[in-house]
Amino acid sequence: MLRHLQICLLIVPILSADDIWKTKRAADWTDAETKQVLTASPWGVMVTPEIKKVNERQPGNRGGGLKVGGLGAGIPGAVRHPRAQPTQDPNDNSNQTGPESGLTLNVRWESALPIREAELKARETAAPDVDENHYAIAVYGIPTRLAKPDAQSLGEHLKGQASIKREGQKEIKPSGVQVIQRDDGLVIVFLFPRTKEITAKDSRAEFEAQIGPYQITQSFHIDEMTYQGKTEL
């Protein structure tokens with residue numbers, strides 16, 4: 001009987017942990033719970049992108065940066081890690097020397113309130129600015145070398161390499177892309193107009209992006225993205 005009770009006591013915290021954004025205010029989240037919202041929740045996940053090596057160089061790029069054009073967007077295959085604790089800091093690129101290094105990226109629905117509150121709780125002072133007219137999906141941990149020689153040109157190119165897809169509806173293309181250079185890697189922020197409304201009736205939205213050699217496909221389950229009693233996107 002005692003052994004059975006001990007097992008139950010061990011299981012209860014694990015079951016409760018999945019719903020901390022439903023049962024606790026952001027001000028009461030622990031550091032581990034805050035990290036969970038950012039990396040293992042309906043709004044934030046860790047993904048391993050599929051790699052397509054590119055040996056060509058950008059035209060006119062004397063620095064020899066990677067070419068990001070013509071990579072064949074729309075090839076799915078990123079591995080999803082739902083509700084799983086990350087095995088590494090999503091912003092740590094210190095040991096990443098190339099596509100073969102097993103890069104893991106943090107994909108966040110950046111405009112969602114729980115993500116914004118988790119970033120504030122985690123004291124992420126360099127978190128992207130997002131206006132109320134856009135849904136924003138951010139990819140953290142992209143190697144800084146992809147921004148060479150010009151981060152603005154990279155952002156313009158990536159507008160044509162990303163989309164949000166929903167069943168039975170026309171895909172949504174980003175109206176803008178921000179490339180933020182930080183010491184721990186690039187943050188790529190895809191801005192999608194809210195005029196193309198996404199609701200819980202859509203059930204699932206699939207984000208696809210091609211960033212240099214990295215192909216990302218990540219599903220977000222809209223009906224699970226409920227915070228403080230409403231759908232938060």
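Annotations
- All told, residue 162 meets the bar of being modelled with pLDDT of 95 or more and closer than 18 Å to residue 105 by Cα.
- Condition check for residue 189: part of a strand (DSSP E or B), touching a Leu at 6+ places or on another chain (Cβ under 6 Å) and aliphatic (A, V, I, L, M): no
- Subset of region 154-172 that is part of a loop (DSSP other than H, G, I, E, B) and open to solvent by 80 Å² or more (accessible area, probe 1.4 Å) - its residue that is farthest from residue 201 (Cα to Cα): 170
- Positions within region 115-153 being open to solvent by less than 10 Å² (accessible area, probe 1.4 Å) and among the hydrophobic types (A, V, I, L, M, F, W, C), in sequence order: 115, 118, 136, 137, 138, 139, 142, 146, 147
- Taking region 180-194 as the range and being open to solvent by 30 Å² or more (accessible area, probe 1.4 Å) and either at pLDDT below 95 or hydrophobic (A, V, I, L, M, F, W, C) (or both) as the test, the residues that pass are 180, 181, 182, 183, 184.
- Residue 138, sole failed condition from (1) in a loop (DSSP other than H, G, I, E, B); (2) at pLDDT 80 or above; (3) not β-branched (Val, Ile, Thr): (1)
- Residues in region 17-36 that are acidic (Asp, Glu) and under 12 Å from residue 121 (Cβ atoms) were compared, and the one that is most open to solvent (accessible area, probe 1.4 Å) is 31.
- Those residues of region 39-54 which are touching a helix residue (DSSP H, G or I) at 6+ places or on another chain (Cβ under 8 Å), open to solvent by 10 Å² or more (accessible area, probe 1.4 Å) and outside any loop (DSSP other than H, G, I, E, B), in sequence order: 51
- So residue 116, is it more than 20 Å from residue 41 (Cβ to Cβ) and part of a helix (DSSP H, G or I): no
- Cβ pairs under 9 Å, 6+ apart, first in region 151-168 and under 11 Å from residue 208 (Cα atoms), second at pLDDT 90 or above and in a helix (DSSP H, G or I): none
- The set of residues in region 199-222 being farther than 11 Å from residue 165 by Cβ, open to solvent by 10 Å² or more (accessible area, probe 1.4 Å) and not in a strand (DSSP E or B) consists of 199, 200, 201, 203.
- Evaluation of residue 225 against (1) open to solvent by 10 Å² or more (accessible area, probe 1.4 Å); (2) farther than 22 Å from residue 51 by Cα; (3) at pLDDT 95 or above (one fails), failing number: (1)
The values are calculated or read from the model by the stated rules, or taken from the named source; none is laboratory data. Please read all numbers here as calculations on a predicted model, not as lab measurements. All Cβ positions, even for glycine, are placed from backbone atoms using ideal geometry, and neighbour counts span all protein chains on display. Just so you know, the surface numbers come from the protein's heavy atoms only, side chains and all, with ligands and any DNA or RNA stripped out. Shrake-Rupley method; radii C 1.70, N 1.55, O 1.52, S 1.80 Å.
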